[in-house]
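The values are calculated or read from the model by the stated rules, or taken from the named source; none is laboratory data. From a predicted model like this one, the values you see are computed outputs, not experimental measurements. As a convention, Cβ positions derive from the backbone with ideal geometry for all residues, glycine included, and neighbour counts pool all protein chains shown. The area values use the complete protein model at the heavy-atom level, side chains included, leaving out ligands, DNA and RNA. Shrake-Rupley method; radii C 1.70, N 1.55, O 1.52, S 1.80 Å.
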Amino acid sequence: MKLLKNISMLYRVPAEGGHDEVDPIADAVVAWEGDTIRFAGPAGELPAEFADADSFDAGGRCVVPGLIDCHTHLCFGGWRGDEFAARLEGASYQDIQAAGGGINSTVNATRAASEEELADKAGNALADMARLGVTTVEAKSGYGLNRDDEIKQLEVYRRLNESQALEIVPTFLGAHLVPVEYRDRRDDYVDLLCNDIIPEIAERNLARFCDVFIEDNAFTLAEGRRILESAKSRGLGLKIHADQLSAGGGAGLAAELGAVSAEHLEYASEQDIAAMASAGTVAVSLPIASLYLREPFLPARTWIEAGARVAVATDFNPGSAPSYHLHLAMTLAAVHQRMSPNEVLRGVTTHAARAVGLHASHGSLLPGYRADLAVIDAPDINHWLYHFRPNACEATLKNGNWIAGGFRSRN
Ligand code: NIG
Ligand code: FE
């Protein structure tokens, strides 16, 4: 049994409740055994049986559930700083892609990289994310766009799940773009996905979700439906990159097919917002992508007022969102999406857990949940989001073990 004492404010964030209800407890303690929370509440109510446990002192800081980055493109070769500079000169993201750059250029670099190189690079990012308080990361393929290179990315995630502390939830995004070699026969690529690659990935348990980028220049609504129906029939959960650069109806499709989430959504229609809210599909907002592409930010008030759950994630990738700093996404969500700090906290804990199908075990600090938490060097979360620092996270606990910060040596 282990104990974390002297917590100024503990946010238990129960899975159910209003978007801004985070259940803050002043002067709190958390006790865990193995990888499971046994007690989280006021110091004065700690059961006597836990009092002698090996203890750590939070030093009057606040504690939140381990952060969940529920949308990343973690594994990729190369970078695209030249495109960033071109966009600053006026080129659009879509123009660059149509000219063979963008996702295509990362596909070339990812195909050229070995599994070891990709695992090293993604592993470095994960180590940084752990220091920021992140404990679970959804990670997509989508820069291989053929059987071997898509599976290579998913094998990187499998290997990282075994070799480092953060938990990775793998998503197959073979439908990120029609690869150049299929440009004149796109139906053949959709056939390949539906008839060969998706069945193999499901059979080998290489991914938990299947995602499709529905957008002009990517996949149509009809293609997306076919691909997702094939994935669903093989037991994969569904996600959609929807309505990011134009209104394409992806959010409505996500609701109709029972997807766990739809992501981006800046241009989603009022009707599709209502459909997602009533279907319980999580709206994953990605404010770092809006920042870098100078696209509108998600109008989170409209979504929350419609009854939707809004998650917040980084979208870490080498093009539209070249940062895995979840705290940056959180502060942007507060300032530009007009979410309260409480709403943002739900967006990176319970709602993010739901977006990766883990809300029964992750994202809350209540007895029975996973012992994943972050000690934040701030008196409360208002201060945390307001005072943006290189890293306000003092220590990170994953599955009951300190994986970053000052308590690490005492495990
Ligand atoms: O989520 N929208 C599509 N995919 C990524 C960008 C990928 C890239 O530019 O490499 C996104 O923004
Ligand atoms: Fe994305």
Can you name the number of the only condition in (1) within 14 Å of ligand 1 (Cβ to nearest atom); (2) on the phi > 0 side of the Ramachandran plot; (3) surrounded by fewer than 24 Cβ atoms within 10 Å (Cβ to Cβ) that Asn205 fails? (1)
Residue satisfying all of: in the range 384-411; open to solvent by 70 Å² or more (accessible area, probe 1.4 Å) and part of a loop (DSSP other than H, G, I, E, B); nearest to Leu166 (Cα to Cα) among these: Asn411
Kindly indicate the residue of the range 254-263 that is without any contact (Cβ under 8 Å) to a residue 40 or more places away in the chain and within 16 Å of ligand 1 (Cβ to nearest atom) and also surrounded by the fewest Cβ atoms within 10 Å (Cβ to Cβ) among those meeting that condition. Ala259
By residue number, the members of the range 310-350 that are of a type in the set (Ser, Thr, Tyr), surrounded by fewer than 24 Cβ atoms within 10 Å (Cβ to Cβ) and either away from ligand 1 (no atom under 16 Å from the Cβ) or on the phi > 0 side of the Ramachandran plot (or both) are Thr331, Ser340
Is the range 244-264 home to any residue that is at pLDDT 95 or above, within 14 Å of ligand 2 (Cβ to nearest atom) and in a loop (DSSP other than H, G, I, E, B)? no
Within the range 214-239, tally of residues that are open to solvent by less than 10 Å² (accessible area, probe 1.4 Å), of a type outside the set (Gly, Ala, Ser) and closer than 23 Å to Arg185 by Cα: 4
Number of positions in the range 16-53 that are touching a residue at least 60 places away in the same chain (Cβ under 8 Å) and out of contact with any Gly (no Cβ under 7 Å at 6 or more places or on another chain): 10
Checked against (1) in the same structural domain as His73 (by TED's automatic domain parsing); (2) over 20 Å from Leu265 (Cα atoms); (3) among the polar types (S, T, N, Q), Thr396 satisfies every condition except (1)
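If a residue must be surrounded by fewer than 24 Cβ atoms within 10 Å (Cβ to Cβ) and of a type outside the set (S, T, N, Q), how many such residues does the range 361-383 contain?
First, the residues of the range 361-383 that are surrounded by fewer than 24 Cβ atoms within 10 Å (Cβ to Cβ): 361, 366-368, 377-383.
Next cut, of a type outside the set (S, T, N, Q) only: 366-368, 377-381, 383.
Number of matching residues: 9.
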Take the residues in the range 166-202 that are open to solvent by 50 Å² or more (accessible area, probe 1.4 Å) and not charged (D, E, K, R), then tell me which one is modelled with the highest pLDDT. Asn195
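Criterion first (within 30 Å of Ala262 (Cα to Cα) and surrounded by fewer than 24 Cβ atoms within 10 Å (Cβ to Cβ)) does Tyr93 satisfy it?
Here the answer is yes, as Tyr93 does meet what is asked.
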Go through the range 89-151 and tell me which helices (runs of 4 or more DSSP H), entirely inside it, have 2 or more residues that are within 15 Å of ligand 1 (Cβ to nearest atom) and hydroxyl-bearing (Ser, Thr, Tyr). 103-112
In the range 270-289, what residues are among the aliphatic types (A, V, I, L, M) and surrounded by fewer than 24 Cβ atoms within 10 Å (Cβ to Cβ)? Ile273, Ala274, Ala275, Ala277, Ala279
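Can you say whether Glu162 is at pLDDT 95 or above, open to solvent by 40 Å² or more (accessible area, probe 1.4 Å), more than 20 Å from the chain's Cα centre (by Cα) and under 24 Å from Cys210 (Cα atoms), as far as the supplied structure shows?
Values: at pLDDT 95 or above: yes; open to solvent by 40 Å² or more (accessible area, probe 1.4 Å): yes; more than 20 Å from the chain's Cα centre (by Cα): no; under 24 Å from Cys210 (Cα atoms): yes.
When the stated conditions are applied, Glu162 does not pass them.
Being in contact (Cβ under 8 Å) with a residue 24 or more places away in the chain, within 16 Å of ligand 2 (Cβ to nearest atom) and part of a loop (DSSP other than H, G, I, E, B) is the requirement here; does Pro322 meet it? Reasoning before the result, please.
Numbers: in contact (Cβ under 8 Å) with a residue 24 or more places away in the chain: yes; within 16 Å of ligand 2 (Cβ to nearest atom): yes; part of a loop (DSSP other than H, G, I, E, B): yes.
It is true that Pro322 is in contact (Cβ under 8 Å) with a residue 24 or more places away in the chain, within 16 Å of ligand 2 (Cβ to nearest atom) and part of a loop (DSSP other than H, G, I, E, B).
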Filtered residue count, the range 212-237, keeping only those that are in a loop (DSSP other than H, G, I, E, B), away from ligand 1 (no atom under 16 Å from the Cβ) and among the acidic types (Asp, Glu): 0
Which is open to solvent by 50 Å² or more (accessible area, probe 1.4 Å), within 16 Å of ligand 1 (Cβ to nearest atom) and outside any helix (DSSP H, G or I), of Tyr292, Tyr267? Tyr267
Only residues in the range 96-112 that are in contact (Cβ under 8 Å) with a residue 40 or more places away in the chain and of a type outside the set (Asp, Glu) count as the first member; pair them with residues that are more than 16 Å from ligand 2 (Cβ to nearest atom) and part of a loop (DSSP other than H, G, I, E, B), Cβ under 6 angstrom, at least 6 apart or cross-chain, and list the lot. Thr110/Gly77
Top-ranked residue in the range 270-289 [being out of contact with any Cys (no Cβ under 9 Å at 6 or more places or on another chain) and in a strand (DSSP E or B); ranked as farthest from ligand 1 (Cβ to nearest atom)]: Ala283
What are the pairs with Cβ atoms under 6 angstrom where one residue, in the range 139-154, is open to solvent by 10 Å² or more (accessible area, probe 1.4 Å) and the other, located anywhere, is more than 16 Å from ligand 2 (Cβ to nearest atom)? Sequence gap at least six, or different chains. Arg147/Ile197; Asp149/Arg111; Lys152/Glu115
